[in-house]
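The values are calculated or read from the model by the stated rules, or taken from the named source; none is laboratory data. Please read all numbers here as calculations on a predicted model, not as lab measurements. Note: ideal-geometry Cβ built from the backbone for every residue, glycine included; neighbour counts use all protein chains shown. SASA here: full protein model, heavy atoms, side chains in, ligands and nucleic acids out. Shrake-Rupley method; radii C 1.70, N 1.55, O 1.52, S 1.80 Å.
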Amino acid sequence: LCTPAVGAAAESLPGDRARAARTVLDQVVLPGEELLLPEQEDAEGPGGPGERPLRLNAGTRSRGRVVCGPGLRRCGDRLLVTKCGRLRHKEPGGGSGGGVYWVDSQQKRYVPVKGDHVIGIVTAKSGDIFKVDVGGSEPASLSYLAFEGATKRNRPNVQIGDLIYGQFVVANKDMEPEMVCIDSCGRASGMGVIGQDGLLFKVTLGLIRKLLAPDCEILQEVGKLYPLEIVFGMNGRIWVKAKTIQQTLILANILEACEHMTADQRKQIFSRLAES
């Protein structure tokens, strides 16, 4: 079922004609829309002159590889929008066309994605498998062998209630999500059981993406206040630890409030904390 607002917006589209991706960049797209990509090689296409369906299987006539990101999925040789949000595009390094397309949406419920690094909570032990709550629709499975140096004799010390930082190796709608705490080389690379101390809190998925951006200034400003340890999970969870409980709570409150603050407001808060 769709809400009246979404239904009215969908009815406003001119028939079943797909829209060109270049004309809707940074604009709101709705689930069910199909996207077209301008192509100089094709004079005519379903979207009009100079346009053809956005092809993901690059052929000899394709200008560059197109990668389908979150909020989009393959539908034949087109891209089908599956989430409501703003369409984003990132050009490839070589500038040869194509690039990455995705939908930037502000959703609250986390959907597991293969390769995402998340923070989970161990909820149960089932034989050789741990059940981990990652905030999704169902718990993820974690094998005791998915830790660095783990063997049948040397099992990791994981208890119910422990915090786990790992990544997904299996995540799709038809299978139970599966986590590991090692990379492709069998090393932990910072993953595993998180320390007992510290504070775990939840923020929006949009704030996590904002904090993990390469040009984010919030973490640089926070790091100047107190020495800290911090772990970000793409499922909207943050674990932070400072020298004292008071400093830990201050850092957690700052990170939660930064989502709705401007750069000037952040500077004022950080300057006050630095003075105190």
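Worth pointing out:
- The residues of the stretch 211-251 that are in contact (Cβ under 8 Å) with a residue 24 or more places away in the chain, open to solvent by 10 Å² or more (accessible area, probe 1.4 Å) and assigned to a loop (DSSP other than H, G, I, E, B), listed by number, are Glu217, Lys224, Leu225, Tyr226, Met234.
- Residue check for Gly136: part of a loop (DSSP other than H, G, I, E, B) and either under 17 Å from Phe201 (Cα atoms) or under 17 Å from the mean Cα position of the chain (by Cα) (or both): yes
- Matching residues, the stretch 139-157, being crowded, with 19+ Cβ neighbours inside 10 Å, in a loop (DSSP other than H, G, I, E, B) and aliphatic (A, V, I, L, M): Ala146
- So Gln106, is it in contact with a helix residue (DSSP H, G or I) (Cβ under 7 Å, 6 or more places away or on another chain) and either exposed (fewer than 15 other Cβ atoms within 10 Å of the Cβ) or without any contact (Cβ under 8 Å) to a residue 24 or more places away in the chain (or both): yes
Here's the yes/no breakdown for (1) of a type in the set (Asp, Glu); (2) over 27 Å from Pro112 (Cβ atoms); (3) touching a helix residue (DSSP H, G or I) at 6+ places or on another chain (Cβ under 9 Å):
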{"site": "Pro214", "(1), (2), (3)": "no, no, no"}
{"site": "Leu219", "(1), (2), (3)": "no, no, yes"}
{"site": "Trp239", "(1), (2), (3)": "no, no, no"}
{"site": "Gln247", "(1), (2), (3)": "no, yes, no"}
{"site": "Leu255", "(1), (2), (3)": "no, no, yes"}
{"site": "Asp264", "(1), (2), (3)": "yes, yes, no"}
{"site": "Gln268", "(1), (2), (3)": "no, yes, no"}
{"site": "Glu275", "(1), (2), (3)": "yes, yes, no"}
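- Test for Lys114: is it touching a residue at least 12 places away in the same chain (Cβ under 8 Å), in contact with a strand residue (DSSP E or B) (Cβ under 9 Å, 6 or more places away or on another chain), under 30 Å from Gln27 (Cβ atoms) and open to solvent by 40 Å² or more (accessible area, probe 1.4 Å): yes
- Single condition Ile208 does not satisfy, out of (1) farther than 12 Å from Val118 by Cα; (2) in a helix (DSSP H, G or I); (3) β-branched (Val, Ile, Thr): (1)
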